[in-house]
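Here is the structure we will look at, set down as structure tokens.
The values are calculated or read from the model by the stated rules, or taken from the named source; none is laboratory data. Being a predicted model, the structure only gives us computed values, none of them experimental. Glycine also receives a Cβ, built like all others from the backbone with ideal geometry; neighbour counts cover every protein chain displayed. Protein only, heavy atoms only, side chains kept; ligands, DNA and RNA dropped before computing areas. Shrake-Rupley method; radii C 1.70, N 1.55, O 1.52, S 1.80 Å.
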Amino acid sequence: INVSGSVPSLHDVALRSMPPDYDLRPHGIFLDNMTQRLFVVNHDDRRREESIAVLRIMDTRTLIFSFALVGSPQPFPFIASDFLGGGGFFHDLVATLPTELFVTQWGPMSQNEQPSDAERFLWRCTWDDSAAPASNGRLPTACVHAWPFPSRLGLNGIAIDAKRTRLWVVESASSLVWQFVRSPDGS
């Protein structure tokens with residue numbers, strides 16, 4: 001029950017303009033009120049593709065597919081979702097600017113749900129909003145390590161303050177919360 005005493009309700013939301021070959025398997029999401037977009041980490045098992053779907057919020061019952069951010073020049077590594085540990089390369093994300101987001105890397109995990117020896121990073125991704133997506137809805141994004149030091153245990157949740165200058169990143173297995181101050185240049 002919210003402050004006004006009313007009971008929240010659930011309802012279907014229409015998702016329009018989705019490319020026919022895009023299999024939306026949502027994971028982490030971020031609602032960006034500044035741009036009226038919903039960013040969704042997507043693990044597409046059918047195409048073996050990791051992407052970030054960008055959906056425009058039209059109203060309370062309609063989302064419009066804008067594009068799917070994909071790694072460039074290399075695709076994001078794909079880790080099947082049936083792999084133990086939750087699967088997926090990316091996990092959770094926040095948008096900081098209309099063309100910038102930060103995303104946590106969770107996978108890969110070993111078969112007993114323990115972190116593998118792989119290094120995991122906090123990533124900063126940027127793209128050109130004026131570029132036209134490919135005919136299949138994909139738009140290249142450049143992603144770099146936002147912080148040079150890796151986690152060997154996997155990064156989970158992420159949050160951002162209202163001014164979009166401070167990030168908190170969860171390294172669950174070690175019970176740590178990393179705090180970052182985001183500079184105007186994105187570093």
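Only residues that are among the aromatic types (Phe, Trp, Tyr) and part of a loop (DSSP other than H, G, I, E, B): list them for segment 8-41, please. Quick ask: steps written out before the conclusion?
Residues of segment 8-41 that are among the aromatic types (Phe, Trp, Tyr), as a first pass: 22, 30, 39.
Residue satisfying the conditions is TYR22 alone.
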Can you name the number of the only condition in (1) open to solvent by 60 Å² or more (accessible area, probe 1.4 Å); (2) more than 27 Å from LEU167 (Cα to Cα); (3) of a type outside the set (Lys, Arg) that PRO26 fails? (2)
Condition test on VAL7, is it at pLDDT 90 or above and among the β-branched types (Val, Ile, Thr)? no
Please note which strands (runs of 3 or more DSSP E) are completely contained in segment 72-187 and include at least 1 residues that are within 25 Å of ARG25 (Cβ to Cβ) and modelled with pLDDT of 80 or more. 90-97, 100-105, 122-126, 138-145, 158-160, 166-171
Got a sec? Which of TRP178, TRP168, TRP123 is in contact with an Asp or Glu (Cβ under 7 Å, 6 or more places away or on another chain) and open to solvent by 30 Å² or more (accessible area, probe 1.4 Å)? TRP178
Of all residues in segment 40-53, which are in contact (Cβ under 8 Å) with a residue 24 or more places away in the chain, among the hydrophobic types (A, V, I, L, M, F, W, C) and within 19 Å of ALA134 (Cβ to Cβ)? ILE52, ALA53
